[in-house]
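Read through the structure below, which is laid out as structure tokens, and then see the notes.
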Amino acid sequence: MKWDPEKYVQFADHRDRPFFDLTGRIAANAPKLVVDLGCGPGPLTRSLAERWPEARVVGLDSSDEMVQKARATQHSPGLEFEHADATTWMPDPGTDVLVSNAMLQWIPGHQELMAKWLDALRPGAWFAVQVPGNFSSPSHVLMRELAASDRWAPQLAGVLRHKDAVGEPADYLKILLAAGFEADVWETTYGQILSGKDPVLEWVRGTALRPVLAKLNAAEAAEFEADYARLVARAYPSFEGADGGLLTMFPFRRIFMVGRKR
């Protein structure tokens, strides 16, 4: 599955806010090694380097496109970007802060993987993760139902995950506590306002729709997107803003976890 860095940052204001809400709860004073696992195109990783200018800050991503974009556009002292497969990666024993923002939902069995990372981190290390909690929202339910329809099931069966995509806040809290962390776990539903034509389709093109698009040719992808756009337009009706433009309310639930190892 290929990622499009430009499409991913199309809604940067909305996508960035959870990152800063997450990392704002990290109270590390002078970390030496900070890792951003699933760094994407890198501007948020750069913000960590600017926050801790004396640290070595490493952004890791499995997407060559994302790593190349980050290396080309994000520069700061101590900042570097590398290719890594999170399913086999383990933190360096000297890691002081490990951040992962909106990445773990892509990995089946990530709760077990997370427990291994927590065990490998040294006492005093910080761990901060955010995952989307909207897999039961219309945007995802309608996409799965469409993919499972007679028209698309032969090509898309099993492509979209749901039940094992993410856990509930209590699940992550138990993992952190079992690993010896002082933990803070919470959830937030952002009342996001999107503008323009087919804004929900535009949003999912950068993330949730990527596995579908990877399985279809251009003509099929256009047909699937047209069907999906009609469905979500009914689920998320537009309304007229003060300036006469079309606006759409798109609630988005996020799950956050931050902890420090005792």
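The values are calculated or read from the model by the stated rules, or taken from the named source; none is laboratory data. On a predicted model such as this, the values are computed, not experimentally measured, just so you know. In this analysis, Cβ positions are derived from the backbone assuming ideal geometry, glycine residues included, and neighbour counts consider all displayed protein chains.
Data overview
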| quantity | calculated |
| --- | --- |
| Cβ-Cβ under 7 Å pairs, at least 6 apart or on other chains, region 1-27 side closer than 19 Å to residue 99 by Cα, far side of a type in the set (Asp, Glu) and at pLDDT 95 or above | 25/184 |
| Among (1) over 30 Å from residue 262 (Cβ atoms); (2) surrounded by 22 or more Cβ atoms within 10 Å (Cβ to Cβ); (3) more than 19 Å from the chain's Cα centre (by Cα) - the single one residue 79 does not satisfy | (1) |
| Residues (in a helix (DSSP H, G or I) and closer than 27 Å to residue 32 by Cβ) located in region 115-141 | 115, 116, 117, 118, 119, 120 |
| Qualifying positions in region 72-86 - farther than 14 Å from residue 41 by Cβ and of a type in the set (A, V, I, L, M) | 84, 86 |
| Options 158, 109, 124; residue that is out of contact with any Gly (no Cβ under 9 Å at 6 or more places or on another chain), touching a residue at least 60 places away in the same chain (Cβ under 8 Å), surrounded by fewer than 17 Cβ atoms within 10 Å (Cβ to Cβ) and on the phi > 0 side of the Ramachandran plot | 124 |
| Region 161-175, residues that are surrounded by 18 or more Cβ atoms within 10 Å (Cβ to Cβ) and either touching a helix residue (DSSP H, G or I) at 6+ places or on another chain (Cβ under 7 Å) or not in a helix (DSSP H, G or I) (or both) | 165, 166, 167, 175 |
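Yes or no, residue by residue, for (1) in contact with a strand residue (DSSP E or B) (Cβ under 8 Å, 6 or more places away or on another chain); (2) within 29 Å of residue 63 (Cα to Cα); (3) in a strand (DSSP E or B); (4) of a type outside the set (Gly, Ala, Ser):
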site	(1), (2), (3), (4)
182	yes, no, yes, yes
208	no, yes, no, no
231	no, no, no, yes
234	no, no, no, yes
249	yes, no, yes, yes
